[in-house]
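Structure first, commentary second.
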Number of protein chains: 2
Amino acid sequence: MTGIAQYTGTFLPSGLAPAELIAILVAVTDNQPRVMTLRGGEALPSGPFESSHRSLQSSLRAWIEAQTGHPVGYLEQLYTFADRDRDPRSGDVETSQRISISYLGLVREQDAAGAGRPSWRSWYRYFPWEDHRDCIPEEVPRIADRLTAWAGADPLKAQRVDYLFGLNGKTWNEELVLQRYELMYEAGLVDVPEFGLPMAGDNRRILATGISRLRAKIKYSPVVFELMPESFTLLQLQRTVEALSGLHLHKPNFRRQIDQQELVEETGEISSGTGGRPARLFRYRPAILEARMLSGARLPLSKS
Amino acid sequence: MTGIAQYTGTFLPSGLAPAELIAILVAVTDNQPRVMTLRGGEALPSGPFESSHRSLQSSLRAWIEAQTGHPVGYLEQLYTFADRDRDPRSGDVETSQRISISYLGLVREQDAAGAGRPSWRSWYRYFPWEDHRDCIPEEVPRIADRLTAWAGADPLKAQRVDYLFGLNGKTWNEELVLQRYELMYEAGLVDVPEFGLPMAGDNRRILATGISRLRAKIKYSPVVFELMPESFTLLQLQRTVEALSGLHLHKPNFRRQIDQQELVEETGEISSGTGGRPARLFRYRPAILEARMLSGARLPLSKS
DNA sequence: CCAATTATACTCGATTCGAGTACATTAGGG
DNA sequence: CCCTAATGTACTCGAATCGAGTATAATTGG
C-alpha cells in the first residue's frame with residue numbers, strides 16, 4: 001500500500017447528480033398490508049429532492065403529509081440507489097445517473113377505508129407468494145418448479161432456491177422478501193403475469209426492500225404500534241403483525257410476549273364484540289417507548 | 001385526504017445536488033479495531049461520486065481498492081445525509097446541500113502493521129467510553145456525571161442517560177454507539193477534549209453510525225471473517241469480536257457457539273504457540289456462506 | 001339450551017445461553 | 001526436573017426463552 005487517499009476538497013462536475021426521493025408508505029386496513037401507489041398501481045410516490053428543507057427526513061415528511069393529509073408516524077431511510085440502468089423501460093433519452101433515496105413510512109389505519117381509495121393496494125398483489133398466513137400460496141410450488149429447472153445441475157443455485165423458498169426441509173424465512181425477488185429476477189420470473197403485478201422500473205424491487213426491512217423491524221422494535229389505532233384489542237394487534245409478516249401466529253404465545261414486555265396497558269374499556277366474548281381494549285404505552293425502541297421487542301412466530 | 005400525489009416526471013434544478021461518498025474502512029490489528037483516516041486523523045476518506053461506474057457499490061469499491069491497494073471484502077451502505085449545515089467549521093462559502101452517501105467497508109488485517117502507518121487509528125481514540133473489554137473506562141462515570149447534571153429534573157432525560165450508559169441497574173448495550181454520541185452532542189459534551197479526539201464536520205457522527213451498525217451486524221451475520229486472515233485460532237477470532245464489540249466474551253461459550261454453527265473447519269495445522277498450549281488453526285467455511293449470510297450467526301456475549 | 005366464536009390462562013418440553021468448573025498441553029524459570 | 005503461567009478444550013448446571021398444546025371463560029345467535 002503506497003498510495004494514501006487524498007481528500008478532494010472540491011467537487012468535479014461528475015459529482016453533480018439529480019436526486020429523487022421515493023417513499024414506501026405502509027398502512028394496514030382490513031388485515032391487509034397496503035402500500036400507497038400511483039399511476040394505476042404501477043409506481044411508488046416519488047418526487048425531486050427539494051433543498052429548501054433542513055434535512056432529507058424533514059423534507060420527505062413535509063412532502064408526504066402535504067400529499068396524503070396524514071401524519072407519518074414513523075419514517076426510516078431504506079437505501080440509496082444510483083444505478084445507471086435503473087429504469088430500462090423508460091423512454092427517456094436521459095441516461096445520466098440519478099440518485100434515488102428510498103424511505104419507509106408508516107401511517108395509521110385509514111378511517112373508513114371505502115371503495116373509493118384505489119391508491120392503497122395490498123402488497124401481496126405484487127408478491128403473492130409472500131402471504132403464508134392461511135396456507136402456502138399456490139404460487140410457491142410453481143415458482144419453485146421453475147426455479148429448480150433454472151438452477152439445473154448447479155448445487156449452489158439449488159441450495160439457494162431451497163433455502164429462500166423453504167423447500168426440502170428448510171423453513172420459510174419471511175424476512176427474505178428482497179432475496180427471493182432478486183433470485184426470481186435472475187431466473188427471469190418477475191415478469192411472468194401470474195407471479196404478481198408489475199411496477200414501473202425497479203419500483204417493485206424497492207418495495208421488496210421495504211417489506212424486508214419492515215418484517216425484520218417488527219421483530220425487535222415496537223414500530224407496529226405506529227400502524228394501530230389509539231386503542232385496540234390484542235387480536236387486532238396480532239392480525240396486524242400477521243398481515244405484515246405474512247405468517248400465522250400462535251395466539252397464546254403472542255399474548256404472553258406482549259404483556260410480559262409491558263408494551264401495552266388496558267384502557268379499561270371493552271370492545272363491542274363482533275361475535276364471541278368481548279375483548280379488553282389496550283393502548284400503547286408511550287412512556288416505555290424510548291427504552292423499548294432501544295432494546296428489543298421480540299415477537300413469537302409459528303409455522304403454518 | 002383530497003390531494004393525490006403526482007408523479008413528477010421531470011426534475012427541477014432544485015433536484016440537482018453534489019454527491020459525495022464517505023467510507024468507513026475497518027480493519028483489526030493488534031486487537032484494536034482501526035479505521036482509516038486522513039488529514040491527521042481528522043477526516044474519513046471521501047470523494048466525489050463518479051458517474052462513470054455502474055453502481056454506487058462498484059464505484060466505491062474500485063475507488064477504495066485503488067487508494068488502499070487492498071481488496072474490500074465486505075461493503076455495505078450505511079446512510080445518506082443531506083443536511084445543509086453538515087460542516088459548521090468548514091470555511092466554504094458554498095452552503096448548498098450536499099448529498100453524502102456513507103459506506104462501511106471491511107478489509108483484512110494489514111500485514112506487518114509497523115509504526116509507519118499512521119492512517120489507521122483505533123476507533124476507541126474517538127470513543128474512549130466504548131471499550132468495555134477489560135473494565136468500564138474511567139470516562140463513563142465522568143460522562144455520566146455531566147449528563148446527569150444536564151438532565152436535571154427531567155425524568156425522561158435521566159432515564160435515557162441511565163439506559164444508554166448502563167447506569168442504575170441497567171445493563172450496558174454495546175450497540176448504542178450512535179445514540180450515546182447523539183446524547184452527548186445534545187448535552188454539549190462531544191467537544192470536551194478528554195472525551196475523545198475530534199473529527200472534521202460530522203465525520204465522528206458518521207463513524208459512530210458505522211460502529212453501531214457493525215456491532216449489530218456481527219451478532220447475526222458472519223462478517224467478522226472478512227476481517228480475519230486465511231487461517232486463525234479460535235482465540236484470535238474471539239479477540240477480534242471482542243475488539244469490535246468492546247466487550248469481554250466468555251471463552252467456553254464462544255467456542256461452543258462457533259462450532260455448533262459450523263462456521264469454521266480445521267485446517268489440520270497448529271499455531272506456533274506464542275506461549276501456552278498451541279492452538280489448532282481454523283479457516284472459514286465459504287461453502288456455508290450463503291446459508292449463514294441469510295440466517296443468523298449469533299455470538300455469545302458476557303458482562304464484565 | 002346449544003353451537004359457534006372469541007378471550008384468557010395454564011402447562012409441558014426442547015432449546016438456548018450465561019456462568020462456572022475442571023482438565024490438558026505447552027513454554028520458561030529456578 | 002518441577003513448578004508456574006498461559007493458553008486450549010471439555011464438561012456441567014440452572015435460568016430464561018419459546019414453540020406447541022390444552023383447558024376454561026364469556027358472549028352472540030339460533
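Residues in region B:123-137 that are hydroxyl-bearing (Ser, Thr, Tyr) and open to solvent by 10 Å² or more (accessible area, probe 1.4 Å): 1 in all.
Annotation note: of A:Gly3, A:Gly9, A:Gly15, the sole residue that is touching a Pro at 6+ places or on another chain (Cβ under 9 Å), within 10 Å of chain B (Cβ to nearest Cβ) and at pLDDT below 80 is A:Gly15.
Which condition breaks for B:Tyr220 when tested against (1) within 16 Å of DNA strand C (Cβ to nearest atom); (2) under 24 Å from B:Cys135 (Cα atoms); (3) within 14 Å of chain A (Cβ to nearest Cβ)? It fails just one condition, (2). Can you find, within region A:138-168, the residue that is most open to solvent (accessible area, probe 1.4 Å) among those that are within 20 Å of B:Pro286 (Cα to Cα) and not in a helix (DSSP H, G or I)? Per the criteria, the residue is A:Ala153. Of the conditions (1) modelled with pLDDT of 95 or more; (2) closer than 26 Å to B:His70 by Cβ, B:Asp145 satisfies every one except a single condition; which number is it? That leaves (2) as the condition not met.
How many of the residues making up region A:217-253 are open to solvent by 20 Å² or more (accessible area, probe 1.4 Å) and among the small types (Gly, Ala, Ser)? Residues meeting the conditions: 1.
Picking from residues in region B:254-304 that are of a type in the set (Lys, Arg) and open to solvent by less than 70 Å² (accessible area, probe 1.4 Å), the one that is modelled with the highest pLDDT is B:Arg285. Do the conditions hold for B:Arg213, that is, is it away from DNA strand D (no atom under 16 Å from the Cβ), open to solvent by 40 Å² or more (accessible area, probe 1.4 Å), touching a residue at least 40 places away in the same chain (Cβ under 8 Å) and not assigned by TED's automatic domain parsing to the domain that holds B:Thr148? For B:Arg213, the condition - away from DNA strand D (no atom under 16 Å from the Cβ), open to solvent by 40 Å² or more (accessible area, probe 1.4 Å), touching a residue at least 40 places away in the same chain (Cβ under 8 Å) and not assigned by TED's automatic domain parsing to the domain that holds B:Thr148 - is met. With respect to B:Val241, determine if the residue is modelled with pLDDT under 90 and of a type outside the set (S, T, N, Q). Criteria not met by B:Val241. Summed over region B:62-92, residues that are modelled with pLDDT under 80 and over 30 Å from B:Leu227 (Cα atoms) total 10.
Among residues of region A:155-175 that are within 9 Å of another protein chain (Cβ to nearest Cβ) and closer than 17 Å to A:Pro137 by Cβ, none has a beta-carbon under 6 Å from a residue that is open to solvent by 50 Å² or more (accessible area, probe 1.4 Å) and among the small types (Gly, Ala, Ser) at least six positions away or on a different chain. Screening region A:169-210 for residues that are in contact with a strand residue (DSSP E or B) (Cβ under 7 Å, 6 or more places away or on another chain) and in a loop (DSSP other than H, G, I, E, B) and picking the one that is least open to solvent (accessible area, probe 1.4 Å) gives A:Met199. Per the conditions (1) within 16 Å of DNA strand D (Cβ to nearest atom); (2) touching a strand residue (DSSP E or B) at 6+ places or on another chain (Cβ under 7 Å), the sole criterion not satisfied by A:His250 is (2).
The values are calculated or read from the model by the stated rules, or taken from the named source; none is laboratory data. None of the values given here were measured: they were computed from a predicted structure. In this analysis, Cβ positions are derived from the backbone assuming ideal geometry, glycine residues included, and neighbour counts consider all displayed protein chains. Surface areas here come from the heavy atoms of the whole protein model, side chains and all, with no ligands, DNA or RNA. Shrake-Rupley method; radii C 1.70, N 1.55, O 1.52, S 1.80 Å.
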